[in-house]
1. Using all Cα-Cα distances in the range 59-198, what percent lands in each 5 angstrom bin from 0 up to the longest?
2. Add +1 for every Lys or Arg and -1 for every Asp or Glu among the other residues with Cβ under 15 Å from the Cβ of ASP105, and state the total.
3. Within the range 89-150, which chymotrypsin sites (Phe, Trp or Tyr not before Pro) sit in a loop by DSSP and count at most 15 neighbouring Cβ atoms inside 10 Å?
4. What does the accessible area of ASP76 come to, in Å² to the nearest 10, when a probe of 1.4 Å is used?
5. Over the range 55-198, give the accessible area per residue in Å² for a 1.4 Å probe, as an integer.
6. Which lysines have a Cα less than 21 Å from the Cα of LYS153, not counting those fewer than 8 places away in the same chain?
7. Taking the Cβ-Cβ separation of SER164 and LYS119 as r and a Förster radius of 35 Å, what is the calculated FRET efficiency to the nearest 0.05?
8. With the full set of protein chains in place, find how many percent of the accessible area of the range 82-186 is carbon and sulfur; take the probe as 1.4 Å.
Amino acid sequence: MKRILTIAALVLCSTMAFSQQVASRAKAMRMMNFGREEYMIKDIKVYTDTMTVYSLSNYVIYPFGEWESMEQYITDNQLHWYRESGYREYFDSMEVSVNRMKRLDDSYLDMFYSIWTNKVELLGGRINDPEIVLANGVHVGMSKDEVFRVFFKKYPKSYTSDVSVLKVISGAGEVAEIYTFKGTKLRHVKIETAYKYY
């Protein structure tokens with residue numbers, strides 16, 4: 001009898017897990033229909049409290065816009081940054097000059113000037129300061145609905161009610177923007193990259 005109950009419980013658990021996966025995939029497919037054209041959304045995955053959006057838009061690679069120098073970015077946004085310069089070792093053991101631009105609240109951006117693109121490239125960062133605004137208008141303190149409306153024209157609110165992390169990832173997976181919500185407000189934005197070469 002114990003064996004039958006154990007087998008029944010395992011079958012029930014696996015069936016529930018499968019149905020949750022199907023429901024998550026159906027939700028993701030429906031959300032794709034609501035994506036804004038400028039973000040060129042190619043896939044969405046939903047897993048527990050995280051929604052991952054794969055975008056082919058250049059915005060994901062340049063969330064603060066395209067700049068020819070760090071000075072140009074600093075002058076344009078008119079915020080006071082503390083700048084640290086140093087070197088970092090990368091995949092093939094070469095070193096590159098990286099500038100860390102910091103704010104007093106521990107917000108920072110790691111940037112370097114690329115000789116290949118002739119632009120300032122972002123290596124990583126964390127934004128806690130509501131005064132720092134991304135190129136698409138997103139800033140810390142916005143409501144979850146306002147953030148989702150940047151990427152989607154409309155959507156059923158029940159689809160995002162359980163989402164506490166929104167990841168927007170570039171097509172090749174080299175840049176990820178991670179929006180973390182606390183309740184209904186955007187708490188911070190993290191940028192991660194997988195660049196290996198200067």
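The values are calculated or read from the model by the stated rules, or taken from the named source; none is laboratory data. This is a predicted model, so every value here is computed, not measured. Note that each Cβ is placed from the backbone with ideal geometry, even for glycine, and that neighbours are counted across all protein chains shown. Quick note on the areas: whole protein, heavy atoms, side chains included, nothing else; ligands and nucleic acids left out. Shrake-Rupley method; radii C 1.70, N 1.55, O 1.52, S 1.80 Å.
1. The calculated distribution, bin by bin, is 2, 9, 18, 23, 19, 14, 8, 5, 2, 0.
2. +3
3. On the way: sites: TYR90, PHE91, TYR108, PHE112, TYR113, TRP116, PHE148; in loops: TYR90, PHE91, TRP116.
Here the chymotrypsin sites (Phe, Trp or Tyr not before Pro) that fit, given the DSSP loop and packing criteria, are TYR90, PHE91, TRP116.
4. Using a 1.4 Å probe on the heavy atoms, I get roughly 100 Å².
5. 51 Å²
6. LYS27, LYS42, LYS45, LYS144, LYS167, LYS185
7. 0.60
8. Answer for the range 82-186: carbon and sulfur cover 51 percent of the accessible area.
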